[in-house]
């Protein structure tokens, strides 16, 4: 019975991935409001019944995709400090920084955030997520007591987004590891480079 359930689960995952890939592909050439469910299932090589087993509207599919990207973003951001108490940027290695690997994994999605209006709000969401992670997970040591912690977290989130947008607009000409290396070099110039993980 469990083998049958595993097969069904794999089939659902495969079908959903095909539909998500299809909608991303279609959005490169068409405005979202012009994309029909028939377009999506045709591009995914599925039937309409399969779509309606999982979603009522195409917006449901897009929202699930956005939720998936956000969940992966959170996991990738937390990777460098998930098992340590003190995060010292000076001791971080390039391989520990996973945010750019995340962007590369969802490169089609991220390319659309700078070229379509449908995902325009995602840039704001991206920054809100990084800001909240910094504020909730990490107690940052800021030498200058006049610096507002919330504004500083916002500044860092938008700075990372800026690097990502530059990377996208340059057609990903640099590797994800090079981008991680550059981010670390930039952070090392920042005197407040020590964080305490409050998740542990």
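Regarding residue 91, is this residue out of contact with any strand residue (DSSP E or B) (no Cβ under 7 Å at 6 or more places or on another chain) and farther than 21 Å from residue 26 by Cα? It is true that residue 91 is out of contact with any strand residue (DSSP E or B) (no Cβ under 7 Å at 6 or more places or on another chain) and farther than 21 Å from residue 26 by Cα.
Within the set 183, 151, the sole residue that is under 21 Å from residue 79 (Cα atoms), out of contact with any helix residue (DSSP H, G or I) (no Cβ under 6 Å at 6 or more places or on another chain) and assigned by TED's automatic domain parsing to the domain that holds residue 114 turns out to be 183. When region 119-156 is filtered for residues that are crowded, with 17+ Cβ neighbours inside 10 Å and outside any helix (DSSP H, G or I), the ones remaining, listed by number, are 119, 138, 140. Can you find a residue that is modelled with pLDDT of 85 or more, over 26 Å from residue 95 (Cβ atoms), in a helix (DSSP H, G or I) and out of contact with any strand residue (DSSP E or B) (no Cβ under 8 Å at 6 or more places or on another chain) anywhere in region 182-197? There is no residue in region 182-197 that is modelled with pLDDT of 85 or more, over 26 Å from residue 95 (Cβ atoms), in a helix (DSSP H, G or I) and out of contact with any strand residue (DSSP E or B) (no Cβ under 8 Å at 6 or more places or on another chain).
Look at region 93-122 and say how many of its residues are farther than 16 Å from residue 62 by Cβ and out of contact with any helix residue (DSSP H, G or I) (no Cβ under 6 Å at 6 or more places or on another chain).
Matching residues across region 93-122 total 4.
For region 101-112, indicate whether the set of residues that are at pLDDT below 95 and part of a loop (DSSP other than H, G, I, E, B) is non-empty. No, every residue in region 101-112 fails to be at pLDDT below 95 and part of a loop (DSSP other than H, G, I, E, B). Checked against the criterion of being within 24 Å of the chain's Cα centre (by Cα) and over 24 Å from residue 18 (Cβ atoms), region 48-63 has no qualifying residue.
The set of residues in region 56-75 that are touching a helix residue (DSSP H, G or I) at 6+ places or on another chain (Cβ under 7 Å) and farther than 15 Å from residue 14 by Cα comprises 58, 62, 66, 69, 70, 72, 73, 74. Against the condition surrounded by 10 or more Cβ atoms within 10 Å (Cβ to Cβ), within 20 Å of residue 109 (Cβ to Cβ) and modelled with pLDDT of 95 or more, how does residue 31 come out, does it pass? The answer is no for residue 31.
Counting the residues of region 157-173 that are loosely packed, with under 14 Cβ neighbours inside 10 Å and not in a helix (DSSP H, G or I) gives 3.
The values are calculated or read from the model by the stated rules, or taken from the named source; none is laboratory data. None of the values given here were measured: they were computed from a predicted structure. Note that we place each Cβ from the backbone using ideal geometry, even for glycine, and neighbour counts take in every protein chain shown.
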